[in-house]
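Written below as structure tokens is the structure these notes are about.
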Amino acid sequence: MQNNPREQWGSKIGFILAAAGSAIGLGNIWRFPYLAGQNGGAAFIFVYILCVISIGIPVLIAEILIGRTAQKNPVGSFKALTNSKFYHGIGGMGVVAGFVILSFYSVVAGWTLGYLFEAVNGSLLSYDLAEEASNHFSVLTHDPLWNIGLLAAFMLLTMGIVYFGVQKGIELGSKIMMPLLFVLLIGLMIFGLTLDGASKGLDYLFNPDWSKINSDVILAALGQAFFSMSLGMGAMLTYGSYLTKKDNIPVSSIWIAFLDASVAIIAGICIFTVVFATGQNPDVGPSLIFRTLPVVFAKMPGGWYFAVFFFFALTLAALTSTVSLLEVVTAYFVDEKGWKRKNAVIVFGSLVTLVGIPSALSFNALENFRIFNKTFFDLTEFISSNLMLPLGGFFIAIFVGWLWGFEKVKQLVKEGAEKLFDKFPWVMGYWKIILRYVAPILIIIVLLYSIGII
Ligand code: PHE
């Protein structure tokens, strides 16, 4: 069915940067700060970090291991490892989740691209007050053509990268975009720290008020850890399928998680120093970065450059994530259906764009069109992020922890990581307990909660 041998990453760092690129995205720079702002700042961040370390990393290792062992997309991987039709369906759910997440994620990614244009033409620099910046945001998002045009533009960028394949597209793109992103964000953070009143922002981020921790905060933090680490739908599995046995999965996973969490914290510092220095509210929700930052860009010396850099960084971060989402769908049609990569990219990239249109219209023409009291955007986000990702994560943990055969799993995960397990033998036992008990139980609680059963 396939004429060409399957592609592989060209280097170890290439894989880490691509996987970190998938993880780091709007989830870190857009979603994390507004969730932290809504859930009490430092207390939320503390629980989030705990979730990343205790559950995120173990599930990430499991997901990458499945991909590396089977060397296939999510469906093909489960087909190679088990006869269970149910699990083949779980792989299928991952492919569908990739498609659906991409359709609404690209709408917000389109806004970042739109804000990059606004920054370049200087229109972001004319707001002295947060209200004016907020108004500007609602004027823009109320324009159907602005939304659809940017969605399509963003999808074209994504398709352009995935089209060129693993090494020449995804890996090369990530190697250029990720370091640039780090430099830009660190620059912005340093600027934020020099603002008068920055210390209030730091206090909010790092000085926990423990009384703020409740079940909502814990659930939001676990959900965010999953979303941010791209877990539960096979993106990391698919990236893992381009690895060789020489690669060290646990150490790479720790790196990916570390980079992901660091970018979230750095983005938090960038945004909350500004929020507090300009006397704004931390808990305004999803429009947070679009409302707060223009005000400070307008005030700061060299604001034009900072505005352009920030939205450029955000666009890059979003792009390395959308690439990983489209890659899951592409890999499925290439591996399972024998399609040519280029055709799969063009056909499914275009389809995602079409399915994204109702999401793009959810802020204007279809604002009042509700299903289960949710706009199309909110509904697709809810189904994919709150239901499919945790479900996928649950079944991945159960598969690796219980069904695959843990003796075999032990051998497989040790490949490339022999030294680690020799030095720290307890790591294996810890990983097993998390996969068998801790992760599944917590995920089920989150799931039941998010559909309103508890
Ligand atoms: N992790 C990405 C982000 O934080 C989003 C994503 C989720 C990407 C699931 C791929 C798969 O922005």
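Things to note:
- Net charge in the neighbourhood of Glu407 (other residues with Cβ under 12 Å of its Cβ; Lys, Arg +1, Asp, Glu -1) is +4.
- Extreme residue, positive dipole direction of region 212-316, given options Gly268, Leu243, Ser253 (C-beta unit charges): Leu243
- In order along region 364-369, phi translates into HN-Hα couplings of 8, 3, 9, 3, 9, 7 Hz, rounded to whole numbers, per the Karplus curve 6.51 cos²θ - 1.76 cosθ + 1.60 with θ = phi - 60° and x for Gly and Pro.
- Cα-based equivalent ellipsoid of region 327-454: semi-axis lengths in Å, sorted from largest, via gyration tensor: 37, 24, 11
- Accessible-area ranking of Thr112, Thr353, largest first, probe 1.4 Å: Thr353, Thr112
- Exposed-site-free run, longest, the chain (rule: trypsin sites (Lys or Arg not before Pro); DSSP loop; at most 15 other C-beta within 10 Å): 7-244
- Across the options Tyr163, Val107, Tyr48, the greatest Cα extent toward the positive end of the charge dipole of the chain (unit charges at beta carbon of Lys, Arg, Asp, Glu) belongs to Tyr163.
- Lys, Arg +1 and Asp, Glu -1 on Cβ, resulting dipole of region 341-413 about Cα centre, debye, nearest 20: 300
- Ranked by solvent-accessible area (1.4 Å probe, protein heavy atoms only, all chains present), the residues Leu156, Leu184 order from largest to smallest as Leu156, Leu184.
- The listed residues Glu407, Glu327 rank as Glu407, Glu327 when sorted by accessible area, largest first, using a 1.4 Å probe.
- Of Lys72/Lys175; Lys85/Lys419; Lys72/Lys168; Lys12/Lys85; Lys212/Lys414; Lys72/Lys419, those spanning more than 30 Å from alpha-carbon to alpha-carbon: Lys85/Lys419; Lys12/Lys85; Lys212/Lys414
- Mean ellipticity per residue at 222 nm, deg cm²/dmol - from DSSP H runs of n ≥ 4 across the chain, formula -39500 (n - 2.57): -22500 deg cm²/dmol
- When the surface is traced with a 1.4 Å probe over the full set of protein chains, Tyr332 keeps roughly 40 Å² accessible.
- Separation between Cα centres of region 192-261 and region 370-395, rounded to whole Å: 20
- Modelled spin-label separation between Asp128 and Phe421, with each label point placed 7 Å from Cα along the Cα-to-Cβ direction: 6.5 nm.
- Of the two radii for the chain, the radius of gyration is 0.96 times the Kirkwood radius, both from the alpha carbons; that is the Rg over Rh value.
- Pairs spanning more than 20 Å between alpha-carbon atoms, out of Lys246/Lys432; Lys245/Lys342; Lys246/Lys410: Lys246/Lys432; Lys245/Lys342.
- Derived scalar couplings between HN and Hα for region 399-405 equal 4, 6, x, 10, 8, 6, x Hz in order, rounded to whole Hz, by the Karplus curve 6.51 cos²θ - 1.76 cosθ + 1.60 (θ = phi - 60°), x for Gly and Pro.
- Euclidean distance of C-alpha centroids, region 312-331 and region 277-309, integer Å: 25
- Residue-wise HN-Hα coupling along region 139-150, computed from phi with Karplus coefficients 6.51, -1.76, 1.60 (Hz; x: Gly, Pro): 4, 5, 6, 7, 8, x, 5, 4, 5, 5, x, 6
- Euclidean distance between Cα centres, region 161-187 to region 77-142, Å: 18
- Candidate lysines for bridging to Lys79, where Cα separation is under 18 Å - those fewer than 8 sequence places away on the same chain excluded: Lys337, Lys408
- Each other residue within a Cβ distance under 15 Å of Leu50 adds +1 if Lys or Arg and -1 if Asp or Glu, for a net charge of 0.
- For region 12-450, with all protein chains in place and a probe radius of 1.4 Å, 68% of the accessible heavy-atom surface sits on carbon or sulfur.
The values are calculated or read from the model by the stated rules, or taken from the named source; none is laboratory data. Just so it is clear, the model here is predicted, and its values are computed rather than measured. Note that each Cβ is placed from the backbone with ideal geometry, even for glycine, and that neighbours are counted across all protein chains shown. Surface areas here come from the heavy atoms of the whole protein model, side chains and all, with no ligands, DNA or RNA. Shrake-Rupley method; radii C 1.70, N 1.55, O 1.52, S 1.80 Å.
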